[in-house]
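All remarks here apply to the structure that follows.
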Amino acid sequence: MERNNNRALIAHLAMFGACAGWGLMAPVGKDAMSNGIDGITMVSFRVAGACLLFWIASLVAPKEHVPLKDKLMFIGAAVFGLILNQCCYTIGLSLTSPINASIVTTSMPIFAMLLSALILKEPITGKKALGVMMGCSGALMLILTSATHADGKVGDIRGDLLCLFAQFSFALYLSLFNPLIRRYNVFTINKYMFSWATLLLLPFTVTHVSEVVSAPIPAKTWWEISYVVCIGTFICYILTMIGQRTLRPTVVSVYNYVQPIVSVGASLLMGIGILKPTHALAVILVFSGVWLVTKSKSRRDIEKANKGEKFML
């Protein structure tokens, strides 16, 4: 009993650490992209740096045999789960405020629900439909607010839309490649995904990155880049997997709310974000929508309930 309690505590701490790390990554990354580098350079460092770290970690991780078919499938996973997701989010963050970017990230479970209904044939209940409407209303409010302001501290419609598409891309990755990512451990998955992402991305960005880093870059910016690569990507990905192995998906999804709380607090302290009343209302709508979606029944829950009723009869 005590062992199970310790395992659950570790899982909760891991999920909190991962989401807090991601929440802090928004203002830290935004500050770096405002002082010496741009979004393309940041995402290139993030993908290539994490690739190197996961290959080093894989040397001491349990070895797994990956057939050629799965290695090739990791190309698609890298495109949707890393390249489109990280490129859109990072470049979007460079344009909009870290507060907007972090609020938008909470919409991912809503996209996951819609895509699960289309691809995995998960049922859409009334609770899910209401949650989607509330979440979309919150996201739309953010986007419309950004469209009426030119201040990067409030937001930018281009950045908001890119961050929103990043969540859609990651949700599509989860729906299409769920069997693949369940088959292997975190080091095997990310080793191949980040390798393919690096091979596909760097040929198009290496010249641009070389030009950017040839100019003087403040030491503070290099430390912020290191945080995004080492903590916000490498460590947070590992912590998430630790939490997911023990906690139920609904519990894991609740920790998604930690990100904007940390991001908003850090952004206000760093002076790179402004919290407006519309932000607060958008947070309430998006959080409520995600809560309704995650609390609604899945196809498996409905099938179990139907079996239980038949058994009772």
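The values are calculated or read from the model by the stated rules, or taken from the named source; none is laboratory data. Keep in mind that this is a model prediction, so the values were computed, not measured. Ideal geometry is used to build each Cβ from the backbone, glycine not excepted, and the neighbour counts take in all protein chains shown. Protein only, heavy atoms only, side chains kept; ligands, DNA and RNA dropped before computing areas. Shrake-Rupley method; radii C 1.70, N 1.55, O 1.52, S 1.80 Å.
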Residue within the range 30-39 that is at pLDDT 85 or above, within 17 Å of the chain's Cα centre (by Cα), closer than 28 Å to Arg245 by Cβ and open to solvent by less than 20 Å² (accessible area, probe 1.4 Å) present: no
Where Leu59 falls short, out of the listed (1) of a type in the set (A, V, I, L, M); (2) farther than 18 Å from Cys236 by Cα; (3) under 13 Å from the mean Cα position of the chain (by Cα): (3)
Filter result (without any contact (Cβ under 8 Å) to a residue 40 or more places away in the chain and not β-branched (Val, Ile, Thr)) within the range 182-215: Arg182, Leu199, Pro203, Phe204, Ser210, Glu211, Ser214
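To keep it simple, each residue is scored yes or no on (1) closer than 23 Å to Ala50 by Cα; (2) modelled with pLDDT under 90; (3) among the charged types (D, E, K, R).
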site: Thr148; (1), (2), (3): no, yes, no
site: Lys153; (1), (2), (3): no, yes, yes
site: Gln167; (1), (2), (3): yes, yes, no
site: Phe187; (1), (2), (3): yes, yes, no
site: Leu200; (1), (2), (3): yes, no, no
Unmet requirement for Gly131, which otherwise passes all of (1) buried (at least 17 other Cβ atoms within 10 Å of the Cβ); (2) modelled with pLDDT of 85 or more: (2)
Selection within the range 56-107 - outside any loop (DSSP other than H, G, I, E, B) and among the basic types (Lys, Arg): Lys69, Lys71
Filtered residues of the range 7-64 (kept if in contact with a Pro (Cβ under 9 Å, 6 or more places away or on another chain) and not hydrophobic (A, V, I, L, M, F, W, C)): Gly23, Pro27, Gly29, Lys30, Asp31, Asn35, Gly36
All positions within the range 40-65 that are of a type outside the set (D, E, K, R), out of contact with any Phe, Trp or Tyr (no Cβ under 7 Å at 6 or more places or on another chain) and open to solvent by 10 Å² or more (accessible area, probe 1.4 Å): Ile40, Phe45, Ala48, Gly49, Leu52, Trp55, Ile56, Leu59, Val60, Pro62, His65
Residues located in the range 208-229, provided they are hydroxyl-bearing (Ser, Thr, Tyr) and open to solvent by less than 70 Å² (accessible area, probe 1.4 Å): Ser210, Thr221, Ser226, Tyr227
Filter pass, Thr205 being under 24 Å from Met108 (Cβ atoms), among the polar types (S, T, N, Q) and open to solvent by less than 20 Å² (accessible area, probe 1.4 Å): no
